[in-house]
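Below is one structure, written out as structure tokens; comments come after it.
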Amino acid sequence: MNCEMDLEGKNVVYLGGFGGIGKKCVQELLKKQIKGLAIFDLIVDDDLLAEWKKQNPDTEVFYQKVDITQKSDIDAAYKATAEKLGHFDVVVKGSGLLDDRLIELTIQINLVGVINTTLTALEYMDKSNGGRGGLIVNISSVAGLQPTPLMAIYSTSKTGVTTFTRAMASPIHYAHSGVGFITICPGFTNTGILKDIDKKTTFPFYETRMRTVFSKVKGQTVEVCARNIVHAIETAQNGSVLMLELGEIHELDIPNLCNPQLDDCVFVCLS
């Protein structure tokens, strides 16, 4: 199903817009002559926000404070954004935490927060509820495609994001809401989230191994990753799972491993 998005004149919500990849994604989005941009984040970068507003006078750029672990914050931010912009066409969720020593917070930010922000966005975007449809982009990780033993908790949370987003992209959902979904899985990207990563492993005995592994892994720049994320927003099909690795975009074909046998009852497949 085609959900290609011409970004010119569109309203965009970006969660985590002052983060490493998020900051560069915002800059790329602003090049597309979008109409409005709401940046949801816990802490605002006032200087950067002022710069974006000055450089893009034809785009309404504003900040909404959101603690993604608080449903009340999410509700209030979307409500204020809808009142200001009237509607939004694209929602990108890039907030994330990488620290396996903080188990509950990792799951709350990386998975529960994504679920809550998705379902709340749908309240405004769903065509069956008076919305205009659109596109929701959830940023997972290559760690959300396969087990990552050094970061088992992070990998679990991102696997949940991948599965949740694929489920939301069901043709049945799309036909009902008119909202498409794509999953973005960046590979190793040089961002601040990797600072002191050897202290964030699942188990302390991995610390030395982590330092050795990361000294050898090739990474991509945030600028390259951001450009490919925006390109994916413009071109991807509903349900696409895209791995962004070393400056290249790879669309993944993830097979269905379970195909239930039909008996006398009617089984409706949502895949």
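The values are calculated or read from the model by the stated rules, or taken from the named source; none is laboratory data. All of these numbers come straight from a predicted model, not from anything done at the bench. For the accessible areas, the whole protein counts, side chains as well, though only heavy atoms, and no ligand, DNA or RNA atoms are used. Shrake-Rupley method; radii C 1.70, N 1.55, O 1.52, S 1.80 Å.
Close amide H partners of GLY180, meaning residues 5 or more places away or on another chain with modelled amide H under 5 Å apart, are GLY134, LEU135, ILE136. Per-residue 3J(HN,Hα) values for segment 139-148, derived from phi via the Karplus relation 6.51 cos²θ - 1.76 cosθ + 1.60 with θ = phi - 60°, read 8, 9, 5, 4, 5, x, 10, 7, x, 10 Hz in sequence order (x marks Gly and Pro). As a fraction of the 1.4 Å probe accessible area of the chain, surface on carbon and sulfur atoms comes out at 53 percent.
Under a Gaussian network description of the chain, with springs only between Cα atoms under 10 Å, the residue in ILE184, ILE229, ILE115 that fluctuates furthest is ILE115.
Run the numbers on segment 85-214 and let me know its relative contact order in percent, using alpha-carbon pairs under 8 Å that are six or more apart. Could you put the intermediate results ahead of the total?
Values: 210 pairs, mean separation 37.9, N = 130.
Here the relative contact order equals 29 percent.
Using a Gaussian network model of the chain in which every pair of alpha carbons under 10 angstrom is joined by a spring, one finds that among SER128, SER141, SER95 the greatest mean-square fluctuation is at SER128.
Here is the link list: LYS32/LYS54; LYS31/LYS53; LYS32/LYS65; LYS65/LYS93. Which ones come out longer than 19 Å on Cα distance? Intermediate results must be reported in sequence, preceding the final value.
Working: LYS32/LYS54 16 Å; LYS31/LYS53 13 Å; LYS32/LYS65 24 Å; LYS65/LYS93 14 Å.
Pairs exceeding the cut-off: LYS32/LYS65.
Comparing Cα centroids, segment 231-257 and segment 106-169 end up 15 angstrom apart. The HN-Hα couplings worked out from phi for segment 107-123 by the Karplus form 6.51 cos²θ - 1.76 cosθ + 1.60 (θ = phi - 60°) are 5, 5, 6, 6, 10, 4, x, 5, 4, 5, 5, 5, 5, 5, 4, 4, 4 Hz, whole numbers, x standing for Gly and Pro. Summary value for the chain: 20 percent relative contact order, contacts being C-alpha pairs under 8 angstrom separated by 6+ residues.
Normalised per residue, the accessible area of segment 80-148 is 40 Å², obtained with a 1.4 Å probe and no contribution from ligands, DNA or RNA. Among the listed options (1) 1.09; (2) 1.18; (3) 1.01, the one matching Cα Rg over 2.2 N^0.38 Å as calculated from these coordinates is (3). Every pair of different Cα atoms in segment 51-99 enters the Kirkwood calculation, which places the hydrodynamic radius at 12.7 Å. Based on DSSP H segments of at least four residues, each scored -39500 (n - 2.57), the chain has a per-residue ellipticity at 222 nm of -11000 deg cm²/dmol.
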